[in-house]
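Note sheet for the following structure.
What follows draws every value from the coordinates through simple rules; no lab data is involved. Please read all numbers here as calculations on a predicted model, not as lab measurements. As a convention, Cβ positions derive from the backbone with ideal geometry for all residues, glycine included, and neighbour counts pool all protein chains shown.
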Amino acid sequence: MGYVGIHKKGEFNLSDLLKSIKESPDFHRAGAIATFVGVVRGETLNGENVEELELEAYEEQANKVLGEICEDLKKSEGVVDVEIHHFVGKFSVGEDLVYVVVSGAHRENVFGVLREAVERYKSEAPVYKKEYIVDETGTKEAYWVSEQEAQKKRRKNK
C-alpha cells in the first residue's frame, strides 16, 4: 500500500494517487480503480457563501485511523488496495481536500467499498474543518464545524 494519511496542501496530487495505487505489489490482480475527490464546496449546508476552509488534524492519530480503515477494507471480497489521502491547510472553493481510491478485481468490487471508505474517514478520522463564510447580510464569520453538527443541520433542514 502506498503512503496513506495526512498531507500538507500541495504535497500530493491526483496523478500521485494513481501512481501510488498502481505501484501496489498486488495491482496485477486489479481490473478497476474507483476514486473519490472531495473538494471545497462554495456554500454551507445553510446556503451561506464559503470563502475558504481551513483543515487541521491530530496527525498521528489521523494517520493511524486512516491506515486502519484502509487495512480493514482491503479485506473486502475482490479488493486489491484502498488508500485515503487527506489534506490540511487553507483551501479555496474548488480545491481538493481528500482523495480516496479503491482498486479491485472488478468494478462491482470497488464502488461499495469506496463509499464505505468515505463514510468511515468522515466519521472516524480526527480531521477538523473551519469554515470562513459570508452570510446573507454580508457579515463575515469563521467557525469550526464538526461532522456531528453538520449531520444535525442536514437532518434539521430536510
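For this structure, a couple of remarks:
- Taking label points 7 Å from Cα along the Cα-to-Cβ direction, K90 and D72 give a separation of 3.5 nm.
- Within the chain, helix-based [θ] at 222 nm, where runs of 4 or more DSSP H residues each add -39,500 (n - 2.57), nearest 500: -10500 deg cm²/dmol
- Hits among aspartates and glutamates - C-alpha to C-alpha of K74 under 14 Å, sequence gap 8 or more where chains match: D26, E83, E116
- Overall form of the chain per C-alpha gyration tensor (a/c, 1.5; a/b vs b/c): prolate
- Using a cutoff of 8 angstrom between alpha carbon atoms and counting only pairs six or more residues apart, the relative contact order for segment 1-82 works out to 42 percent.
- Whole-Hz couplings from phi, Karplus 6.51/-1.76/1.60, listed for segment 56-69; x for Gly and Pro: 10, 9, 7, 4, 4, 5, 4, 4, 5, 4, 4, x, 5, 4
- Cβ-Cβ FRET estimate between E119 and E51, R0 fixed at 35 Å, reported to 0.05: 0.80
- Given +1 at the Cβ of Lys and Arg, -1 at the Cβ of Asp and Glu and no other charges, the dipole of segment 1-64 around its Cα centre is 500 debye to the nearest 20.
- Local net charge near C70, Cβ-Cβ under 10 Å (Lys/Arg +1, Asp/Glu -1): -3
- Using θ = phi - 60° in the Karplus curve 6.51 cos²θ - 1.76 cosθ + 1.60, the 3J(HN,Hα) couplings for segment 99-115 round to 10, 10, 9, 10, 10, x, 4, 9, 4, 5, 7, 9, 5, x, 5, 4, 4 Hz; x is entered for Gly and Pro.
- Residue pairs, from the table K8/K130; K19/K122; K22/K129; K19/K64, whose Cα atoms sit over 19 Å apart: K19/K122; K22/K129; K19/K64
- Share antiparallel - DSSP beta bridges, segment 1-91, percent rounded to 5: 50 percent
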